[in-house]
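Trainee: First, the structure itself, so that you have it in front of you.
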Amino acid sequence: MPSKKPARDSVYPQPSDTAAVNPHNAKTTDLAPDTVDASGAYMNTNQGVRISDDENSLKAGSRGPSLLEDFILREKITHFDHERIPERVVHARGSAAHGVFKVYQSQAAITSAAFLQHPEEETPVFVRFSTVAGSRGSTDLARDVRGFAVKFYTQEGNFDLVGNNMPVFFIQDAIKFPDLIHAVKPEPDNEIPQAASAHDTFWDFISLMPESTHMVMWLMSDRAIPRSYRMMEGFGVHTFRFVNAEGVSSFVKFHWKPLLGVHSVAWDEAQNISGKDPDYHRRDLWNAIESGNFPEWELGIQVVPEADEHKFEFDLLDPTKIIPEELVPVQRIGKLTLNRNPDNFFAETEQVAFHVGHIVPGIDFTNDPLLQGRLFSYTDTQLIRLGGPNFHEIPINRPVVPVYNNQRDGYMRQTINKGKTSYSPNSLGGGCPFMAGKMQGGFTSYPERIEAHKIRERSRSFFDHFSQAKLFYNSQSEPEKNHIIDAFSFELGKVQAVPVRERMLRLLAEVDSGLAAQVAYALRLHIPKNSEEPLNKSIPADADPAAYQPEHKESSLPLSAALSMANTIKETIQTRQVAVLAADGVDGKALNTVKKALLAAGAVVEVIAPRQGYVLAENDEHIPVDKSFLTGASVFYDAVYVPGGVNSVATLAAHADAVHFLNEAFKHCKAIAADAAAQQVLEATYFYKKLPEDNTEETVLRCGVAVHDKPAKLADLFILAIAQHRFWEREVPRKVPA
Ligand code: HDD
C-alpha cells in the first residue's frame, strides 16, 4: 500500500480541495485558474509583452510599407488565421450550459456509481444540445434529431451520457453510420440542401433500410421541431448496464424528463423561425439561464434484471427499439439543473469532447452493435477535431479528479509531469501511480460470458422493423398524426426520384395503410401493391436475400401513452413568451393588469408596437416597447394579447402587420387574448368569424381565444390557455391565410 498520496502531476495550482481547481464548479465571479478576464488589465502579446499601439502596424514612414519585423502584427494575424478548427462531422451546431445533478436517493441496490449514492451531493455537469445534420452556422429549427449530451464530472471521473431527444436510432450497426450521414448531409456535388433531410440521397438510403422505419416516424413527428431545448426529452438510446457493489448487473435505459413538459412548434412556424432567428433555441436557452429560469430535467431509468433479458418481444440490444414505459416504468431518480451559461463559446461549447465510452465504475456497456462502434468513433474524431491526444487536458474536458498515468507528450501537452518514470511497473518512482483494486474504486468490466463464432452477421432478433413504428404511429393524437402525414408529404415532395418516393410509400404501408394512402394522395402516386423483393436491400453480398426479409410482427401493446406529446405536462406557463400588441392610446391600466398576472405566473412579456421606443398610453404613461413589427414576429411568441384603448385599437386594426401577427398566431394554434374593447382588431382578422360567442373557461380551453371586459378575469383565462401550449385542433381544416 502507498504510504502517502502521490503528488499531483499537473501545472495547475494544487489546493487540497479538488473542487477549487474545478472550472465547472466555479461561479462566473469566482474565476478558475484557466479563466481569463481582461477587466482592469493591459493588453499584451502571447509572450506577455505589453502593447502600446494595437491600432497601427509598424511601417516605414506613416505612408510607407509595413515591416516584416512587426512581431505584434505577425502574432495577431497568425493566430487569427488559425482560429477555426474542423467542425464536428455530425452535431456541428449546438449550444451548451453548465449545471448540477443530484440523485434523489441512493441507487446502491443497482449501481455502485458514486454520483448516484448520496442525495446531498451535487455533481457538476456540462450539457450540450445540438442538431445533427446542419453545419455550425445552420439553423436551430431544422427538422432533425437533437443531440442531448451530458458530461457528469463525478468524483470517480467523467461519465458522458451522449444521447438524443429520440429514443431510437436509424441503424442497428455502427458500420452503417458513415452511409447514413453521407446520405443526410448536403448532396456532395452541389452541397444542397443545408440542415435538411428533405432530399433524394437521404430518402434513397432510408427507403432501402427498413430498420430505419421506426426512427423516421420520430423524425417526421413534431419531436424533430422542439419548442425549446428546455422542453425536450432526452434518451441514452442504447441499453446500458448498471453493476452494483456485489457485481450484480441489470440492464438500464436512460431518460431525461423535462419539468416544463415536451412541446414543439408548428412546421410552418419552424421554417419561419429559421429565417427570422436561426439562433432561436440557442437564444432561448441562454436567456432562460440568464434570467434565473434554470431548465430542469429528471433523470429516469428503466431497469431490467439480467435474468429478464429475453422476456421481451424485441431485442434489448437493438437500438431501433424502445422498452415501452407500460412494460417497464420509468423511475425518476434525480434532477439535472442548468444554472450557468458558458463564459466562452469556443473554449467550452466547441471544445467539449463527449464520448459514449466515458463511463465510471457501476456503469457498463452492452453488446448493442451501434454502441460498440461508437466506442471507437468518439476518441478518433476528437484527435482530428481538437488536434491531438491531449484534448482531455482542455479545461472543459478535464475530470475534477487529478489524472495520474503514464501517458506523456503529444501535441499541446499541458501537464508538466515531474520525475523520471513514465512506465509501469517501476521501482524508481516508488511504483507510482498505483493500480486501484475494486476496494479503491478501480473500474472492472462486467465479466459477461461470451462464447461465439467470430462472424459478420445481424442477429435474427433484430429483424422486426415495423412493429414499434406502428406502435409509435398508433400512439399519436390526431393532430400529431396529421403532422406526420404532412412531414412525409413535404419531405418526399422534395425528392425528385419517383422510385424513391414509391419505395417509401411501400414502407409506410407496412406501418399504417391510412398514413401511406394520405402521403400517396399528396404526392399523386399509387402505393406499390407488392413490396420489392427483397424489401430489405441492405444485405451482404453472399447472403440469401430471402433470409434478409424483415419480419412482420405486431406489438402486443396497442399503444403507449408516453409516446404522445399530447399527454405531456400542461400546468405551467413558466418562461412562456407573450407578445402584447400596442400602439399609442393603449389602455395602460388593462395592459399592466394582464402583464402583472402573466409575470406573476412566470411568463416573459414583451410589447410589440408599430415603432420601437415606447407607446404613449391613454393615461400618458410611457410604456417601453421591446420590438417593432419589423423586429418582432408572432413566431417568436407562445401567445398574444391585445389590450383596449380607442386609438391603439384603431391603429392596430388598420395595421397589416398587426393583423398578420394575429392571423399567424391563430394559424400556429397559439393562445390569444383581447380586451373586449379591442374587438375591432379581432374583427380585422381571418379567424374572427370562427370565434365562439361565449367566453367560459371551457370554451377558452377548447378554442384558445379569450375575450373579456375585465382584465383580471381575462388574465386568468389567458394563463389557462397558454398552459395548454397549442390548440392543434384548430388546424382542421388547415386553411388560414397567414
Ligand atoms: Fe454520435 C457526436 C449522439 C451514434 C459518431 N453523437 C454526437 C453527439 C451526440 C451524439 C449527442 C454530439 C456530442 C457533442 O455535443 O459534442 N450518436 C449519438 C447517439 C447515437 C449516435 C444518441 C446513437 C444512439 N455517433 C453514433 C455512431 C457513430 C457516432 C453510430 C459512429 C460510429 N457522434 C459520432 C462522432 C461525433 C458524434 C463522429 C461527432 C463529433 C463528436 O463525436 O464529438 O464521433
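The values are calculated or read from the model by the stated rules, or taken from the named source; none is laboratory data. Quick caveat, the model's predicted, so the values are computed rather than measured. For neighbour counting, all protein chains shown are included, and Cβ atoms are generated from backbone atoms with ideal geometry for every residue, glycine included. SASA here: full protein model, heavy atoms, side chains in, ligands and nucleic acids out. Shrake-Rupley method; radii C 1.70, N 1.55, O 1.52, S 1.80 Å.
Trainee: Picking from 215, 166, 220, 209, which residue would you name as being over 20 Å from residue 318 (Cα atoms) and aliphatic (A, V, I, L, M)? First the steps, then the outcome.
Mentor: Details: 215 fails: over 20 Å from residue 318 (Cα atoms); 166 fails: over 20 Å from residue 318 (Cα atoms); 209 fails: over 20 Å from residue 318 (Cα atoms).
Answer to the selection: 220.
Trainee: Okay, moving on. Of everything in region 518-546, what is under 19 Å from residue 485 (Cβ atoms) and among the small types (Gly, Ala, Ser)? Give them in sequence order. Outline the logic, then answer.
Mentor: Start the filter on region 518-546 by keeping residues that are under 19 Å from residue 485 (Cβ atoms), which leaves 518-528.
The answer is 520, 522.
Trainee: Return the residue satisfying two criteria in turn: it lies in region 196-207 and is surrounded by fewer than 24 Cβ atoms within 10 Å (Cβ to Cβ) and within 21 Å of the chain's Cα centre (by Cα), and of such residues it is nearest to the ligand (Cβ to nearest atom). Even if it seems obvious, please write down each step before you answer.
Mentor: Let us first name the residues in region 196-207 that are surrounded by fewer than 24 Cβ atoms within 10 Å (Cβ to Cβ), namely 196, 198-201, 204-205.
In the following step, the residues that additionally are within 21 Å of the chain's Cα centre (by Cα) were identified as 196, 198.
Values: 196: 19, 198: 21 Å.
Ranking the candidates gives 196 first.
Trainee: OK, next. Looking at region 362-374 only, could you name the residues that are more than 8 Å from the ligand (Cβ to nearest atom) and open to solvent by less than 20 Å² (accessible area, probe 1.4 Å)? Walk me through how you get there before you give the answer.
Mentor: Of region 362-374, the ones more than 8 Å from the ligand (Cβ to nearest atom) are 362-369, 372.
Once the filter is applied, which keeps residues that are more than 8 Å from the ligand (Cβ to nearest atom) and open to solvent by less than 20 Å² (accessible area, probe 1.4 Å), region 362-374 yields 362, 363, 364, 366, 368.
Trainee: Could you tell me how many of the residues in region 166-182 are surrounded by fewer than 23 Cβ atoms within 10 Å (Cβ to Cβ) and under 24 Å from residue 274 (Cβ atoms)?
Mentor: Total meeting the criteria: 3.
Trainee: Got at least one residue in region 423-436 being in a loop (DSSP other than H, G, I, E, B), among the hydroxyl-bearing types (Ser, Thr, Tyr) and closer than 23 Å to residue 354 by Cα?
Mentor: No, the conditions are met nowhere in region 423-436.
Trainee: Also, I was wondering about something else. Restricted to region 512-545, and to residues that are basic (Lys, Arg) and closer than 23 Å to residue 467 by Cβ, which residue is least open to solvent (accessible area, probe 1.4 Å)?
Mentor: We begin by selecting, within region 512-545, every residue basic (Lys, Arg); these are 524, 529, 537.
Next, only the ones that are closer than 23 Å to residue 467 by Cβ stay: 529, 537.
Values: 529: 179, 537: 82 Å².
Among those residues, the one meeting the criterion is 537.
Trainee: Here's another thing I want to ask about it. Of all residues in region 190-201, count the ones that are without any contact (Cβ under 8 Å) to a residue 24 or more places away in the chain and part of a helix (DSSP H, G or I).
Mentor: 1
Trainee: If residue 342 meets every condition in (1) over 22 Å from the mean Cα position of the chain (by Cα); (2) surrounded by 16 or more Cβ atoms within 10 Å (Cβ to Cβ) apart from one, which number is that one?
Mentor: All conditions pass for residue 342, except number (1).
Conditions tested, residue by residue: (1) surrounded by 16 or more Cβ atoms within 10 Å (Cβ to Cβ); (2) touching a residue at least 24 places away in the same chain (Cβ under 8 Å); (3) more than 35 Å from the chain's Cα centre (by Cα).
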residue: 586; (1), (2), (3): yes, yes, yes
residue: 609; (1), (2), (3): yes, yes, no
residue: 616; (1), (2), (3): yes, yes, yes
residue: 619; (1), (2), (3): no, yes, yes
residue: 642; (1), (2), (3): yes, yes, no
residue: 650; (1), (2), (3): no, yes, yes
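Trainee: Among the numbered criteria (1) farther than 18 Å from residue 706 by Cα; (2) crowded, with 19+ Cβ neighbours inside 10 Å, which one does residue 666 miss?
Mentor: In the conditions (1) farther than 18 Å from residue 706 by Cα; (2) crowded, with 19+ Cβ neighbours inside 10 Å, residue 666 misses (1) alone.
Trainee: In addition: Any chance region 169-179 includes a residue that's within 21 Å of residue 377 (Cβ to Cβ), of a type in the set (Val, Ile, Thr), within 16 Å of the ligand (Cβ to nearest atom) and in a loop (DSSP other than H, G, I, E, B)?
Mentor: Step one: of region 169-179, the residues within 21 Å of residue 377 (Cβ to Cβ) are 169-179.
The next check asks that each one be of a type in the set (Val, Ile, Thr); those that pass are 171, 175.
If we keep only those that are within 16 Å of the ligand (Cβ to nearest atom) too, we end up with 171, 175.
Filter again for in a loop (DSSP other than H, G, I, E, B), leaving 171.
Yes, there is a match, as at least one residue in region 169-179 is within 21 Å of residue 377 (Cβ to Cβ), of a type in the set (Val, Ile, Thr), within 16 Å of the ligand (Cβ to nearest atom) and in a loop (DSSP other than H, G, I, E, B).
Trainee: Looking at (1) free of Cβ contacts under 8 Å to residues at least 24 places away in the same chain; (2) of a type in the set (D, E, K, R); (3) away from the ligand (no atom under 15 Å from the Cβ), which is the only condition residue 398 fails?
Mentor: Unmet condition: (1).
Trainee: While we're here: For region 125-155, enumerate the residues that are away from the ligand (no atom under 16 Å from the Cβ) and buried (at least 21 other Cβ atoms within 10 Å of the Cβ).
Mentor: Residues satisfying the conditions are 139, 141, 143, 154.
Trainee: State all residues of region 79-114 that are among the aliphatic types (A, V, I, L, M) and within 27 Å of the chain's Cα centre (by Cα); if no residue qualifies, say none. Give the derivation first.
Mentor: Step one: filter region 79-114 for residues among the aliphatic types (A, V, I, L, M), giving 85, 89-90, 92, 96-97, 100, 103, 108-110, 113-114.
Across region 79-114, the qualifying residues are 85, 89, 90, 92, 96, 97, 100, 103, 113, 114.
Trainee: Based on what the data block shows, is residue 516 outside any loop (DSSP other than H, G, I, E, B) and either more than 25 Å from residue 173 (Cα to Cα) or modelled with pLDDT under 95 (or both)? Even if it seems obvious, please write down each step before you answer.
Mentor: On the way: outside any loop (DSSP other than H, G, I, E, B): yes; either more than 25 Å from residue 173 (Cα to Cα) or modelled with pLDDT under 95 (or both): yes.
Judged against the criteria, residue 516 is a match.
Trainee: Output the number of residues of region 346-355 satisfying the condition of being within 13 Å of the ligand (Cβ to nearest atom) and either of a type in the set (Lys, Arg) or open to solvent by 30 Å² or more (accessible area, probe 1.4 Å) (or both).
Mentor: We begin by selecting, within region 346-355, every residue within 13 Å of the ligand (Cβ to nearest atom); these are 348-355.
With the extra rule that they be either of a type in the set (Lys, Arg) or open to solvent by 30 Å² or more (accessible area, probe 1.4 Å) (or both), the set shrinks to 351.
Adding up the residues that qualify gives 1.
Trainee: Residues being within 9 Å of the ligand (Cβ to nearest atom) and within 22 Å of residue 48 (Cβ to Cβ): count how many of those fall in region 73-92.
Mentor: Looking only at that region, the number is 0.
Trainee: When you scan region 375-395, do you find a residue that is in contact with an Asp or Glu (Cβ under 8 Å, 6 or more places away or on another chain), closer than 28 Å to residue 462 by Cα and near the ligand (Cβ under 8 Å from one of its atoms), even just one?
Mentor: Within region 375-395, not a single residue is in contact with an Asp or Glu (Cβ under 8 Å, 6 or more places away or on another chain), closer than 28 Å to residue 462 by Cα and near the ligand (Cβ under 8 Å from one of its atoms).
Trainee: Okay, next question. Name every residue in region 329-341 that is touching a residue at least 40 places away in the same chain (Cβ under 8 Å) and either assigned to a strand (DSSP E or B) or of a type in the set (A, V, I, L, M) (or both), in order of residue number.
Mentor: As a first pass, look at region 329-341 and keep what is touching a residue at least 40 places away in the same chain (Cβ under 8 Å): 330, 332-341.
Listed by number, the residues that qualify are 330, 332, 333, 334, 335, 336, 337, 338, 339, 340.
Trainee: Still on this structure: Among the residues that make up region 479-487, is at least one of them without any contact (Cβ under 8 Å) to a residue 60 or more places away in the chain and open to solvent by 30 Å² or more (accessible area, probe 1.4 Å)? Full working, then the answer.
Mentor: Taking region 479-487 first, the residues without any contact (Cβ under 8 Å) to a residue 60 or more places away in the chain are 481, 485.
So of that shortlist, the ones also open to solvent by 30 Å² or more (accessible area, probe 1.4 Å) come out as 481.
Yes, region 479-487 contains a residue that is without any contact (Cβ under 8 Å) to a residue 60 or more places away in the chain and open to solvent by 30 Å² or more (accessible area, probe 1.4 Å).
Trainee: Same structure again: If you check residue 664 against the conditions, is it modelled with pLDDT of 95 or more and closer than 19 Å to residue 636 by Cα?
Mentor: Details: modelled with pLDDT of 95 or more: yes; closer than 19 Å to residue 636 by Cα: yes.
Here the answer is yes, as residue 664 does meet what is asked.
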